[in-house]
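The values are calculated or read from the model by the stated rules, or taken from the named source; none is laboratory data. Keep in mind that this is a model prediction, so the values were computed, not measured. Here the Cβ positions follow ideal geometry from the backbone for every residue, glycine too, while neighbour counts run over all protein chains shown. To get the accessible areas, we keep the full protein, side chains included, count just its heavy atoms, and leave off ligands, DNA and RNA. Shrake-Rupley method; radii C 1.70, N 1.55, O 1.52, S 1.80 Å.
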Amino acid sequence: MCASILAGDSLRALYNKYRPQRFADVAGQRHVVRILQNALVHKRVSHAYLFSGERGTGKTTVGRILAKALNCQRGIQPEPCNDCEHCRSVGNESFLDLIEIDAASHTSVNDIRDLREKVRYRPASGRYKVYLIDEVHQLSRSAYNAFLKTLEEPPDHAVFILATTDPHRVLPTVRSRCQHLRFKRIDHAQMIGQLERIVGLEEAMADDQALALIARNAEGSLRDALGLLEQGLAYAENRLTERQMRELLGTAGYEGVSIVAAAIARGSVGDAMTALAQSIDDGADPTALHRQLVGFFRAVLMLLTSRNESILGQYSADELAVLREVANNFARIRQPLAVVEALTERPPLTAARPPQLDLELAIVQAALATGAEDALRPLPAVEAPAVKTAAPSYPAPAAEPDPQARPEPAGAAANAPAAGLEPSPKPSVDPGTGPEPEPEPEPEPAPPPGTGDSDLLERFEAVRERFIALVREWDPTVQGQFLGAPARMEGSALVLGIRQQFALDRLDSPAKRAGLEQIAQTALGEPVELRLEHVPSDSGGEAYTARIARAAGELLGAREIKDV
Ligand SMILES: [Zn+2]
């Protein structure tokens, strides 16, 4: 009984039973679905896709729906009919023109040679032969090279969907020939929504806290969440409570975790060890408890430094109140930072580190490496309304006046309210927070008001590699201009940065502009208005660095205690 039951893939009946059959039912991947449906509508489906994302985020599911939509006997539509013979046979995994390959067990050159032979034959009954290759980063290098030849000149009837949890291990030559679609982790609220829906369909019952516990343990993987739900419902005979789920997971109750955490935050070793012993006596699994403690202090760190809703949104109002209470034990940001480091330091326990924790710690440490002030102010007693709570059924604590609404004396603007930490309009570091830097001109004008369709920008970034690959075929002299150059929205137009003036001149004709727009449309699967602007790589980089430095300065300046 510990968190390692998450690894078991044997319990996947619920996941398969409720696997979405239409794009509309796919959870949490709206951007990916939109690109694919646009491609289907405009009959411009790519011959190769790279689906990247963590396990259990829907890559295989979306691949199968795409295979259906491409082969549906009612015609190519943004949704498959799910009724014709082709759709039904994809559904029961008997469709001959959908070939699913697990690269983890078919990594040899011979496997790929075999694929290369067979891909040339026409589809058995469908329009397209769809190859869904899972964990493609596990192919051997020689297998990759063999596969590359197929990707370079795919037959018209072939569509390759390469799925991976680790896109950086896919060879760049393969990546650049694919349209790269990134799958996001399923966020807490979406996860809860899916769990509630399935509990209802199963005519079972589970209390809110039990589902919140499952969602928090699944860490963005719907497959893991449904596996846990399945175990929970079996264990509890379809009436699942939080206590039962905790027994199953070996996790301590939130109360137990918070007692240990509060003692750590007070610096009371004796209390912390006593509380730990009590939790273990109550049946908590040490590894699971360790993981919970890391998660707890990570949330404290988030609470004190940012308003990361994807993390704080996992906590109910009551739980946030406990987090705030513990957070108020710290007078300096280095303290919770040191606590998280101490909790995750020992090698045997690195399994307790959430995947992005290293980066989060590195960022906070980098900010502190400037020698900036790190004193903290007490957090307000009431949570800012922006944070979603996981269990809205809890009565909210009595509201206090919003601290941000309080009138402030002139000059106090530098001390932004501790809970908000919104970027301050202040252009430079507050005097008195360390050595005053030389005044320098504003590195960049403020962005124009109205940033337009930020979704379009996101969709463009998702297909930027594909766009660059297409530009390379069209005009190899300018493709490098789009590598890492900034893009932004201006009204409805997508404005692409160009690194060098010569390239801008070269592209500055109606015919060239139209050609580039056509390429962007092909990559995006939708029409787009394109503009170009000159962004020298040096000044762009400096402006970016200056912005980050300024943001860090403001963050730390904003947290300064007035009396220090
Ligand atoms: Zn159909």
Table column - 3J(HN,Hα) (Hz), the stretch 521-530, Karplus curve with 6.51, -1.76, 1.60, x for Gly and Pro: 5, 4, 5, 7, x, 7, x, 8, 8, 10
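Does the stretch 27-105 come out rounded, prolate or oblate, given a ≥ b ≥ c as the square roots of the eigenvalues of its C-alpha gyration tensor, rounded meaning a/c under 1.5 and, failing that, prolate meaning a/b above b/c?
Values: a/c = 1.65, a/b = 1.11, b/c = 1.49.
Oblate, since a/c reaches 1.5 and b/c is not below a/b.
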Keeping all protein chains in position, work out how much accessible area VAL260 exposes to a 1.4 Å probe, and write it in Å² to the nearest 10. 10
Residue by residue through the stretch 260-273, the couplings from Karplus 6.51 cos²θ - 1.76 cosθ + 1.60 with θ = phi - 60°, in Hz, x for Gly and Pro, are 4, 4, 5, 5, 4, 5, 6, x, 9, 4, x, 4, 4, 5
Among the listed pairs LYS17/LYS43; LYS129/LYS149; LYS118/LYS149; LYS118/LYS184; LYS149/LYS512; LYS59/LYS184, which have their C-alpha atoms separated by more than 22 angstrom in this model? LYS17/LYS43; LYS118/LYS184; LYS149/LYS512
Give me the percent relative contact order of the stretch 188-249, please, defined on Cα pairs under 8 angstrom at least 6 residues apart. 38
Looking at the square roots a ≥ b ≥ c of the eigenvalues of the Cα gyration tensor of the stretch 188-249, which shape do they give, rounded for a/c under 1.5, prolate if a/b is larger than b/c, or oblate? oblate
Tell me, what HN-Hα J-couplings in whole Hz come from the Karplus equation 6.51 cos²θ - 1.76 cosθ + 1.60 at θ = phi - 60° for each residue of the stretch 161-167, using x for Gly and Pro? 10, 9, 10, 8, 8, 9, x
Once amide H atoms are placed 1.01 Å from N in the peptide plane, what residues at a sequence separation of 5 or more from ALA158, or on another chain, have their amide H within under 5 Å of its amide H? LYS129
Over all Cα pairs of the stretch 29-182, how is the pair count split among 10 Å bins, expressed in % and running from 0 up to the last occupied bin? 12, 43, 37, 8, 0
Which far-off residues, 5 or more places away or on another chain, put their amide H under 5 Å from the one on HIS534, with H placed in the peptide plane? ILE498
If amide H atoms are built 1.01 Å from N in the plane of the peptide, which residues on other chains or at least 5 residues away come under 5 Å of the amide H of GLU529? LEU494
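Which order do you get for VAL109, VAL170, VAL269 if you rank them by accessible area with a 1.4 Å probe, largest at the top? The partial results should precede the final answer.
Details: VAL109 35, VAL170 0, VAL269 105 Å².
The ordering from most to least exposed comes out as VAL269, VAL109, VAL170.
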The stretch 45-150: chymotrypsin sites (Phe, Trp or Tyr not before Pro) in DSSP coil with no more than 12 other Cβ atoms inside 10 Å: TYR121
